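Accompanying notes for the structure given below.
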Amino acid sequence: MANVLDLKRRIRSVKNTRQITKAMKMVSAAKLRRAQERALAARPYAESITAVLASLTRRIEIFDPATGNLRHPLFAVRPEKNILLVVVTGDKGFAGAFNANIMKAALNVIDESTSDGADKQIDIEAIGRKGRDLMKRRFPTAKFDSVDIDSLERPVRNRASAVEITGDHPGLLDKPVSSRVFKLASDIIARYIHGEIDACYIVYNEFKSVISQRVVVERLLPLMDIGRPEVRSLLEPTSAEKERAAEAALTAGVALTEADATEAVEESHKFGTANVDYIYEQPAEELFDGLLPQYVSSMLYHSIVESVAAEHAARMTAMDSATNNASDMIDAYTLQMNRVRQAAITKEIIEIVSGAAAV
Amino acid sequence: MTEISNALRVKLVTPERVLFEHTVESVELPAKNGYFEVLYGAAPLVAELGAGDVTLHGTPEGTQRYNVNWGFVEVLPERVTILATDALKPAEIDVPRAEEQLARGHREWDSAGDNPEAYDEALHVIAEAEAKLASAADKQH
């Protein structure tokens, strides 16, 4: 049996760990608040773009009646042969099952698409260091013939494996700048238009509130139903997990429900949808040309900021659990220490008493 | 009474946040094919924006200018919503970077060869840089 000194040391070490997890929890709570604000601030733009696009597609047919051509190549639906998967994970660990859940969802899609004769090819675009590292361990990186940065010719791809990583974006989660996200969106759109991919899905952790978040696989391209992206699969948290998250949020002082943004959102919904005959300054093709990349980029931006908020929420919950576990451990060790001490004292008394009786 | 109802509500939104929201007397907008000004009671319109300055007249702080790059505007008789991909105050413009961007645009233009997409891309970059520089230069006057 461990002696009192050992147990004392153990308790001190667990106490230190508890200090750290507590601090991490509070840091995550603060970061979560900031991420939530950012997600909220980004909403008017996203809603407006969606609203105007939806209204435009209602008023103008996607097919040009005169020529029968599609108004924009992003509406083109082809059989899914090459799929681009955008995987949004976190940059750091210590967030419970956050990264693991996203990876599981992503690998499910990959398995589905590559197994039993589906014979599809998958490109992976990894956002977030954790996902990138895990994907890199499993799949090779795509190789292109060397390209000149200034030229805008499409690079020639040498595909060696069915699943390859085409890019990663370090630091994007740390500071989600819309211009960088727009660049990524333009890149994805260019690949789609040039027929290098036939569909694009994004795997990320949706964040509605601290207790309501889930891993979703959403279709980004082709654009089918604007404003309601098709969800291919999702992973909901269990009620026990939700309870845990609520408890963590309560102790960290984070509001459970999001700040009321309904009014602003409703107003943004009206963008370009008033019941009047608009004068369209540009022909429909040009409007679509300008709007669609913006729409795709705002969807990407939205999923990135939501994923960041979800990551902080997950870390906060995980660290709260760790703090609680440390407290339990300290209690258990303290009890054990007291018992050991008591046992030693009792033993000494017995020795003294039996010694006295022998005299 | 009439004055209040004759005010035009302008909202300037970027992907990251809402930059400006207030009533103004009029607003000048850089549409893709030229500037136009909107007053209260304009006909409903949806237009794509180019690179240039949005000028807001009669805000609480007087006339305000924002340099915007690409986006959309919805004009309704009493409301104008500007969706800009990027919006900066003239004072926030990084002149050396804009100059660098202009040089890059010209380089892209020169190397575009016979690829129409490349020309479009180069034009895009040049227009953005020129608008930024013009906007920044205006500030000093």
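Coordinate-derived values only; no laboratory data. As the structure is a prediction and not an experimental result, all values here were calculated from the model. For neighbour counting, all protein chains shown are included, and Cβ atoms are generated from backbone atoms with ideal geometry for every residue, glycine included.
Scalar couplings 3J(HN,Hα) for the range A:296-301, obtained by applying the Karplus form with A = 6.51, B = -1.76, C = 1.60 to θ = phi - 60°, are 4, 5, 6, 5, 5, 4 Hz; x denotes Gly and Pro.
If you look at the Cα atoms of chain A, you get an Rg and a Dmax of 27.7, 120 Å. Annotation: amide H-H contacts under 5 Å for B:D86 (H modelled 1.01 Å from N, sequence separation of 5 or more, or interchain): B:N69. Positive end of the dipole of chain A (Cβ unit charges, origin at the Cα centre): among A:V156, A:N108, A:S13, the Cα lying farthest that way belongs to A:S13.
Within chain A, the longest run free of exposed loop sites, counting GluC sites (Glu not before Pro) that sit outside DSSP helix and strand states (H, G, I, E, B) and have at most 13 other Cβ atoms within 10 Å, spans A:231-359. The phi-based Karplus calculation (6.51 cos²θ - 1.76 cosθ + 1.60; θ = phi - 60°) puts the 3J(HN,Hα) values of the range B:119-133 at 5, 4, 4, 5, 4, 3, 5, 5, 4, 5, 5, 5, 5, 5, 5 Hz, whole numbers, x for Gly and Pro.
What relative contact order, as a whole-number percentage, does chain A give when Cα pairs under 8 Å and 6 or more residues apart are counted? It would help to have the intermediate numbers written out before the result.
Values: 518 pairs, mean separation 113.1, N = 359.
RCO, chain A: 31 percent.
The mean sequence distance of close C-alpha pairs (under 8 Å, at least 6 residues apart), as a share of the length of the range B:33-98, puts its relative contact order at 30 percent. Close amide H contacts of A:D198 (hydrogens built in the peptide plane, cut-off under 5 Å, sequence separation of 5 or more or a different chain): A:K81, A:N82, A:I83, A:L84.
Each Lys and Arg Cβ is given +1 and each Asp and Glu Cβ -1; about its Cα centre, the protein assembly as shown then shows a dipole of about 3240 debye.
Against the longest alpha carbon principal axis of chain B, how many degrees, from 0 to 90 and to the nearest 10, is the axis of helix B:95-111 turned? Relative to chain B, helix B:95-111 is tipped by roughly 50 degrees.
When GluC sites (Glu not before Pro) are flagged only if DSSP places them in a loop and at most 16 other Cβ atoms lie within 10 Å, the longest unflagged stretch of chain B comes out as B:79-141. Highest GNM mean-square fluctuation among A:T17, A:T141, A:T346, for chain A modelled with Cα contacts below 10 Å: A:T346. Note on A:K136: aspartates and glutamates with a C-alpha under 18 Å away, same-chain residues under 8 apart excluded, are A:D91, A:D111, A:D123, A:E125, A:E164, A:D168.
Within the same chain, lysines fewer than 8 places from A:K270 are excluded, and of the rest, those with a Cα less than 24 Å from its Cα are A:K208, B:K11, B:K32.
If I take every Cα pair under 8 Å that is 6 or more residues apart in chain B, average their sequence separation and divide by the length, what percent do I get for the relative contact order?
On the way: 280 pairs, mean separation 28.8, N = 141.
That works out to 20 percent.
Shown here for the range A:31-120: chymotrypsin sites (Phe, Trp or Tyr not before Pro) in loop regions (DSSP other than H, G, I, E, B) with at most 11 other Cβ atoms within 10 Å, of which there are none.
Relative to the longest principal axis of the Cα atoms of chain A, the long axis of helix A:239-252 lies at roughly 80 degrees. Cross-link partners of A:K15 among lysines, defined as those whose alpha carbon lies under 28 angstrom from its own and excluding same-chain residues fewer than eight positions apart: A:K25, A:K31, A:K92, A:K242.
Based on DSSP, what percent of beta bridges with both residues in chain A are antiparallel, to the nearest 5?
On the way: 15 of 33 bridges.
About 45 percent, rounded to the nearest 5.
Residue-wise HN-Hα couplings along the range A:86-92, as the Karplus relation 6.51 cos²θ - 1.76 cosθ + 1.60 with θ = phi - 60° gives them from phi, are 9, 10, 9, 10, x, 8, 10 Hz; Gly and Pro carry x.
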